[in-house]
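Below you'll find the structure, written out as structure tokens, and then a few comments.
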Amino acid sequence: MSEIVRRDPRTEWIARNRLHPEHDAVLAQLHGGAPAAQWMGPNGIIRRNPHAVGFIGPNGIRRIDRSGAQTANAAGASRRDTAAAPARRRVQIDIPAFIIAVVADMPGGRLSAHDRDLLGLARQLADGAVQGAVLLVSFGESRDEGLAEAGVDRVVNFSGEAFDGYAPEQRLTALGGIERQHEPRHWLFPDSPLGGAELGRRFAARQGERPATQVWQIADGQCTGRGAAGTIDVTRGLRRIVLALPECAEPVSDTVHAAEAVAPPAALPQALRRIEDLGAVAVDPAGVALAEAEFILSAGNGIRDWDGFHRTARVLGATEGASRVAVDNGFMPRHRQVGATGTWVTARVYLAVGISGAIQHLQGIQQCDKVIAINTDPGCDMVKRADLSVIADSSEVLAALVELVEGVRREQRNAA
Amino acid sequence: MQRDGKEKVGAEGLKVAALVSVGRHPVTGRSRRAEYDARAVEIGLSLVRSGDLSLVHAGECSPETEGALRAYLGMGIDAIDVLQQPAGSDIVPALEAWLRAAGPRVVLCGARGETGEGSGLVPFLLAERLGWSLVSGLAEVESVERDTMTVLQALPRGQRRRLKVRLPAVVTIDAAAQPARQSAFGPARRGELCPLAAEVTPDAAAREWTTAPARKRPKRLKIVKASSARDRFKAAAAKAEGSGGQVLTGISAQQGAEAILKLLREEGVLR
């Protein structure tokens, strides 16, 4: 359909002029051929025709849509399309007065909720009387496409072998390079166990500056942070290096920024390697608490082959979870129950097998990033929630999954 | 429990120091041994015999804090060095001087104090000033050789990472390490608190702070930006829904498993 709005001034004029002899006909035409639901009577009284309100739905029942979408229909479909998607204001900062550096955790290459809050805080500091820019410093491969929506003006990404794994000394020299190149007015770190807390403190110690830690509010040039194991609030003047807690500010929601990639500083001094990362240690997934497990394989009423389910969990290295039905029927222990009455989980990947998705269960998995559903019913609520749903028999899919993973492992072993 | 029967992982003649502080009970507010520091002492006792483990406390030594410090003695320690520091002083220079003089290979301490600022900066400052390596969030020490030690670092989500750290090292300990043993009354009474005179540096910056009991943080509200009342109602009443997930229907189990495996690989949860 053409995007150009064709206006007919004469019809518009007739529609406005209720004394025009063609007024009723034009109104009816504007409202999609249906008779007008209301009009001005000869004595200046509004007359309504209740039979003309609404439209006949697909089941032959009259539906009344009060959203205004129906009347907007007459005014022009293209105009409604633009109104449907709330436009974010585009912001381009070419020559910033100063830089606010944010060092994000980015677990799995994506911004965490904590990182987004921190970027919101950075925007508060940058958008003052003088416009500054927010510089995101990230390590490792970045897979987040929503950096612009999160309020990032510039991105510096350090990736490569030296920054993989646990390399605090290398990261520290990289931050030193940023410090020399951009001289940020503030450094913001997430005070999180994912690495931000440690890196921020290391950086502050290296710079010889006293940071403000566990900050949860910045207002009027003062920052307030927790102290003494969370029992007191310490308010002090805003420091240059700030380690902030989650929910320190609202994430950016109404602007889009440039998220322009900036080259990292060219020559970084070689860091003294005092810590060598020997890699992750295999931990027994069954021993990991359900609330903090990273990858959960959860079973529901649709499971028939319980041995196969346990075997899949073992092969995939997933922590086992269950819906309430599976627990009530005695197939899984009570401490494995996920949902409102069980555990609220925070897994990055939640694989729900044979779970239809009761609202209590969906509440329990609210904080999961990716949900995969295996179910036979394509209409169930879990499929609506899931990022990937496979509509098939669960035991067959699990068996195929085990087969695939074991096959890949066997190949790797043979290759090695 | 047969704790003392367990083999010590540390090498012969290894010198270990633990920094201990006075904690505060979260419910009653009474002074006690700090939880994480006690775990640090416990790790120290698993590394070396109690004779080779030296404990140091920098702070005031008053009758109230003495009880808390004696709780560390009750874990099987003979003496604690107490560096006399008045309230409102910076303890890092005093600790740094003590560590330079004592020269331990491994310094253990809790991740953060339970009183005062509790910023958890002391180990970082000490490691930076002494030029020693630093490991945070230790779960377990596996072995200690002459110049290196192998440790397990606790990561979020119950994961562990093995690190090889060059000595001397400062190590911080938090909730992932094994819990501290109980403190016994007799050894706590018999043990000795050795007060030492130390350099006092006043903490000037802290005088300008205002402290207040922790205010409850406001709960974040879900703000719905919608133009019409109907959209706001829909947003408030809607169930949690994913953003248009991919639904695979009418495919074989094999294809389904491949799709799932691809997503698991992308997310990097498969090891």
Could you pull out the residue among B:Pro218, B:Pro187, B:Pro195, B:Pro179 that is more than 7 Å from every other protein chain (Cβ to nearest Cβ), part of a helix (DSSP H, G or I) and either over 29 Å from A:Ser395 (Cβ atoms) or within 25 Å of the chain's Cα centre (by Cα) (or both)? B:Pro187
Only listed residue being more than 23 Å from A:Gln214 (Cα to Cα) and touching a Leu at 6+ places or on another chain (Cβ under 6 Å), chosen from B:Arg160, B:Arg166: B:Arg160
Filter region B:138-160 for residues that are in contact with an Asp or Glu (Cβ under 7 Å, 6 or more places away or on another chain) and modelled with pLDDT of 90 or more; which is farthest from the other protein chains (Cβ to nearest Cβ)? B:Val151
Residues located in region A:209-235, provided they are more than 8 Å from every other protein chain (Cβ to nearest Cβ) and not in a strand (DSSP E or B): A:Glu209, A:Asp220, A:Gly221
Can you confirm whether A:Gln181 is surrounded by fewer than 20 Cβ atoms within 10 Å (Cβ to Cβ), without any contact (Cβ under 8 Å) to a residue 60 or more places away in the chain and closer than 28 Å to B:Ala127 by Cα? no
Considering residues of region B:63-77 that are part of a helix (DSSP H, G or I) and hydrophobic (A, V, I, L, M, F, W, C) only, the residue surrounded by the most Cβ atoms within 10 Å (Cβ to Cβ): B:Ala71
Tally the residues that are crowded, with 17+ Cβ neighbours inside 10 Å and part of a loop (DSSP other than H, G, I, E, B), restricting the search to region A:92-124. 8
Residue check, B:Leu45 against (1) more than 19 Å from B:Leu196 (Cα to Cα); (2) within 14 Å of chain A (Cβ to nearest Cβ), all met but one. Which one? (2)
Looking at this structure, is A:Leu290 within 14 Å of chain B (Cβ to nearest Cβ) and within 25 Å of A:Pro378 (Cβ to Cβ)? no
Give A:Leu238, A:Leu199, A:Leu194 a once-over and let me know the one that is buried (at least 20 other Cβ atoms within 10 Å of the Cβ), hydrophobic (A, V, I, L, M, F, W, C) and either in contact (Cβ under 8 Å) with a residue 12 or more places away in the chain or more than 12 Å from chain B (Cβ to nearest Cβ) (or both). A:Leu199
Which numbered condition A:Ala205 misses (of (1) farther than 20 Å from B:Glu128 by Cβ; (2) at pLDDT 90 or above): (1)
The residue from A:Leu272, A:Leu268 that alone is more than 14 Å from chain B (Cβ to nearest Cβ) and assigned to a loop (DSSP other than H, G, I, E, B) is A:Leu268
Mind listing whichever residues of region B:104-129 are outside any loop (DSSP other than H, G, I, E, B) and within 7 Å of another protein chain (Cβ to nearest Cβ)? B:Phe124, B:Leu125, B:Glu128
Selection count where residues are facing chain A (nearest Cβ under 8 Å) and hydroxyl-bearing (Ser, Thr, Tyr), scope region B:198-215: 2
Give A:Gly364, A:Gly339 a once-over and let me know the one that is on the phi < 0 side of the Ramachandran plot, free of Cβ contacts under 8 Å to residues at least 40 places away in the same chain and of a type in the set (Gly, Ala, Ser). A:Gly364
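The values are calculated or read from the model by the stated rules, or taken from the named source; none is laboratory data. These numbers come from a predicted model, not from an experiment. No Cβ is skipped: glycine too gets one built from the backbone with ideal geometry, and neighbour counts run over all protein chains shown.
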